1. For region 447-458, name all the residues that are in a helix (DSSP H, G or I) and either open to solvent by less than 50 Å² (accessible area, probe 1.4 Å) or at pLDDT 95 or above (or both).
2. Name the pairs whose Cβ atoms lie under 7 Å apart, with the first residue in region 535-556 and under 24 Å from Tyr495 (Cβ atoms), the second assigned to a helix (DSSP H, G or I) and among the charged types (D, E, K, R), and 6 or more positions between them or separate chains?
3. Mind checking which residues of region 149-175 are free of Cβ contacts under 8 Å to residues at least 40 places away in the same chain and either crowded, with 21+ Cβ neighbours inside 10 Å or assigned to a helix (DSSP H, G or I) (or both)?
4. Count, please, the residues in region 227-252 that happen to be surrounded by fewer than 23 Cβ atoms within 10 Å (Cβ to Cβ) and small (Gly, Ala, Ser).
5. Out of (1) at pLDDT below 95; (2) assigned to a helix (DSSP H, G or I), what's the single condition that is false for Leu235?
6. Do we find a residue being within 21 Å of Thr93 (Cα to Cα) and open to solvent by less than 20 Å² (accessible area, probe 1.4 Å) anywhere in region 180-200?
7. Can you say whether Ala441 is open to solvent by less than 60 Å² (accessible area, probe 1.4 Å), under 27 Å from Thr390 (Cβ atoms) and within 43 Å of the chain's Cα centre (by Cα), as far as the supplied structure shows?
8. Within region 527-552, track down each residue that is exposed (fewer than 13 other Cβ atoms within 10 Å of the Cβ), in a loop (DSSP other than H, G, I, E, B) and modelled with pLDDT of 80 or more.
Amino acid sequence: SSLLFLYSVITVYFSILHLIFFSLLLFFFLMIRRPPRSTLSSSSAASDVYKRQVSTQSTGIISTIMARAVLAVFETYQKARVEFVQTIAELATRPQNIEVLQNAGVMQLLRPLLLDNVPSIQQSSALALGRLANYNEELAEAVVSNQILPQLVYSLSEQNRFYKKAAAFVIRAVAKHSPELAQAVVDSNALDALVACLEEFDPSVKEAAAWALGYIARHNGELAQTVVDAGAVPLLVLCVQEPELTLKRIAASALSDICKHSPELAQTVVDANAVAYLAPLIQSSDAKLKRQVCSCLAQIAKHSVDLTEMVVEAEIFPTILTCLKDPDPYVRKNAATCIREVAKHTPELAQLIVNAGGVGALVDYVNESEGNARLPGIMTLGYISAFSETLANAVIAARGVPPLVNALVNEPEDHIKSASAWSLGQIGRHSPEHARALADAHVLPKLLAVFMHPDSSDDLRTKAKRALKSIIEKCLQLGALEPLISEAPPQILKYVLQQFAKVLPSDTGGAKKQFVTSGCLKKIQQLKGDEKIDEFVKLINGLYPNDIVEYYSPNFHTQLLKKLESV
């Protein structure tokens with residue numbers, strides 16, 4: 001580094017010598033140049049005038065050359081600043097460089113450049129800061145601690161559109177990490193500046209502002225309320241009406257982030273007439289826009305019956321059912337989620353979905369999906385089935401049971417298995433006919449296997465137990481219950497025996513005989529230790545003659561041999 005410094009000093013020194021040399025050479029050349037013919041006179045006054053003209057010209061040329069030399073220094077400095085911020089912005093796009101940049105104190109170096117008098121330097125420095133803050137929470141906190149936010153907020157209302165985009169990007173990158181950082185953004189008075197940007201002519205500035213507002217609102221209801229109080233919602237609804245697809249997407253996403261927290265916030269979005277402009281966009285050819293629209297409608301509908309009816313009145317059915325077949329997996333999942341939020345509220349809304357052909361579409365969706373994407377479809381079938389026998393029959397008729405059983409058995413995640421078990425329980429709990437449909441699909445042994453699996457979560461075991469109980473209590477197909485006597489643990493066995501004790505006394509179709517010949521009577525004689533189980537075994541034994549019960553008791557053969565020995 002010392003050699004480089006010495007080299008630069010020598011270079012500057014020789015440059016100055018060259019400048020002086022050529023300046024003197026030019027001066028002497030002008031001094032010895034002969035005067036024009038018109039001045040060839042012995043008059044000393046004319047000679048003095050000529051000399052003054054030559055002297056003035058020489059001084060002006062030297063001043064010009066020196067001024068250029070000075071300006072060259074400033075140009076070099078400006079080029080260095082431009083190259084620095086552009087290089088940092090480029091380096092910040094690669095994760096492997098982030099730690100090195102952070103350790104080099106890049107935040108402190110970029111901060112003064114935000115106020116640079118060259119617009120391109122301001123924009124590049126803001127872009128670099130945004131990329132750094134976007135990387136992790138620690139760097140976002142450094143933006144806050146270095147008092148960079150107030151500068152950005154001030155510039156949002158003063159600078160050109162390119163800088164506004166970059167500044168909004170930094171605000172978004174800071175706010176996205178945590179509620180605390182989002183609150184720091186709010187405390188820096190950024191909301192008013194961002195809302196003002198929503199009224200800009202340039203769509204890209206509106207996009208950047210809407211995106212930042214969405215990231216602030218998504219954390220919790222309090223932050224979302226501050227966004228609403230700043231007057232953002234009506235302007236976001238106007239953005240949804242703009243022709244630019246990207247702006248529509250981001251505005252719909254921001255509205256979704258606002259209304260997801262509470263019925264009051266969702267009502268604010270509805271009052272701004274957002275649903276009327278969002279609902280037709282379900283038919284858009286743009287997959288990303290449909291994702292956000294379905295998500296926003298779902299966030300509105302989930303809160304209450306009144307809000308759901310507002311969504312339904314926008315005539316989203318049956319159009320939204322076509323989204324269940326969309327090539328984009330996120331469109332399919334968000335559409336299924338929206339349908340679920342509608343179905344869960346009342347029997348009338350569930351019936352509306354059935355009348356629109358929704359059950360068949362949902363069954364196909366569950367069949368064709370896997371993983372978490374299946375979950376909203378599974379739960380929707382459960383919600384529909386829960387309301388009435390008729391609606392449950394519609395699910396059975398649409399062949400809705402097999403895909404639920406498939407999810408129960410084959411899905412690796414317990415929360416999906418839990419949802420499947422819950423939905424099967426909602427189908428089978430209504431009547432013996434519903435329970436028979438599940439018994440014919442071999443649902444009971446599969447639920448039992450899930451319940452007894454050692455790796456099953458507590459929630460899954462609870463859901464499976466409740467489903468087994470509700471189905472068993474309605475099941476009159478005793479042949480489906482018999483295998484459970486030898487396999488079920490006491491928690492489930494008591495429901496099985498209770499059902500036998502309830503059904504066998506009124507049976508006229510040979511169920512009593514079948515109970516004996518299948519070995520079930522013998523098996524229940526070996527059950528001891530649980531008060532409820534003993535009670536139900538006693539009730540069942542009372543349905544048979546004593547000698548038959550004694551014959552199948554565990555000690556019968558021993559007692560018989562003792563009698564023979566005593567003869």
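The values are calculated or read from the model by the stated rules, or taken from the named source; none is laboratory data. None of the values given here were measured: they were computed from a predicted structure. Because the Cβ atoms are built from the backbone with ideal geometry, glycine has one as well, and the counts that use them run over all protein chains shown. Just so you know, the surface numbers come from the protein's heavy atoms only, side chains and all, with ligands and any DNA or RNA stripped out. Shrake-Rupley method; radii C 1.70, N 1.55, O 1.52, S 1.80 Å.
1. Answer for region 447-458, where residues must be in a helix (DSSP H, G or I) and either open to solvent by less than 50 Å² (accessible area, probe 1.4 Å) or at pLDDT 95 or above (or both): Leu447, Leu448, Val450, Phe451.
2. These pairs meet every condition: Phe536/Lys494; Leu543/Lys512; Tyr552/Lys522.
3. Pro150, Leu152, Tyr154, listed by residue number.
4. Summing the residues that are surrounded by fewer than 23 Cβ atoms within 10 Å (Cβ to Cβ) and small (Gly, Ala, Ser) in region 227-252 gives 2.
5. So Leu235 meets the others, but not (1).
6. Checked region 180-200: no residue is within 21 Å of Thr93 (Cα to Cα) and open to solvent by less than 20 Å² (accessible area, probe 1.4 Å).
7. So Ala441 fits the description; yes.
8. Residues satisfying the conditions are Gly542, Pro545.
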